[in-house]
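Beneath this line is the structure, given in structure tokens, with notes to follow.
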Ligand code: MG
Ligand code: ZN
């Protein structure tokens with residue numbers, strides 16, 4: 001194996017080992033976690049705000065925000081009432097399992113049901129670094145264009161759910177919804193596709209139902225073990 005490929009393989013397998021430990025820790029403490037991936041401006045933080053608004057009365061939620069340089073998103077999550085932890089990646093364009101391990105160690109995990117991890121805004125490499133979350137959710141948005149699944153197949157292929165945000169803009173921008181959906185289904189027939197608008201609240205209940213359903217599924221499979 002060429003040296004460069006050997007090193008890359010080792011980096012990923014080291015990351016995956018830490019990701020598995022993170023997930024074991026989450027399972028031991030009875031916490032469900034999702035990794036939210038999207039390009040900048042697709043609406044990750046707005047989705048977190050809407051999710052907190054709807055689910056905070058029923059569940060204890062923490063937010064882990066990955067950010068290149070600021071803690072603006074963490075502040076928004078806190079303003080929405082969540083315990084939030086910021087990971088400043090220092091310019092790194094994705095979160096990795098080791099960064100998330102650090103964030104988890106600063107939380108009293110037993111006092112949460114659900115952790116929403118906001119990855120760095122980027123559709124390319126975050127999907128290559130497992131964090132230990134139980135599910136991966138990709139958020140795309142109407143103004144970004146209907147070609148996103150075709151251009152970032154690696155990310156869309158791994159998603160457990162694809163949220164199509166800013167659906168309220170559909171009448172105003174050129175976006176072929178059928179083309180978008182076809183692209184996702186070609187890459188990933190098992191992903192659930194949910195249309196939402198964080199601005200109007202459209203589809204947020206459906207998304208929250210998905211989250212609660214998947215959380216219950218993970219928790220019951222952990223209890224059986
Ligand atoms: Mg954000
Ligand atoms: Zn990266």
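How big is the Cα convex hull of the chain in projection, averaged over all directions, in nm²?
13.0
If you count, for each residue, the other Cβ atoms within 10 Å and average over each peptide, how do 7-19, 43-55 line up from highest to lowest?
Descending packing order for the listed peptides: 43-55, 7-19.
Report the FRET efficiency, 1/(1 + (r/R0)^6), for residue 206 and residue 151, where r is their Cβ-Cβ distance and R0 is 25 Å, rounded to 0.05.
Details: r = 26 Å, r/R0 = 1.05.
Efficiency, from the Cβ-Cβ distance: 0.45.
Extension gain residue 185-residue 58, at 0.36 nm per residue separation less the Cα-Cα distance, in nm?
Here the answer is 42.5 nm.
Could you give P(r) for the stretch 53-131, binned at 5 Å from zero, as whole percent values over all Cα-Cα pairs?
It works out to 3, 16, 26, 25, 17, 10, 2, 0, in whole percents.
Can you tell me the alpha carbon radius of gyration of the stretch 121-225 divided by the globular rule-of-thumb value 2.2 N^0.38 Å?
1.13
Simple spin-label model, 7 Å along Cα-to-Cβ: residue 72 to residue 89 in nm?
1.6
Bear in mind that the values in this text are calculations on the coordinates, not laboratory data. Just so it is clear, the structure is predicted and the values come from calculations on it, not from any experiment. Cβ atoms come from the backbone with ideal geometry, glycine included; neighbour counts cover every protein chain shown.
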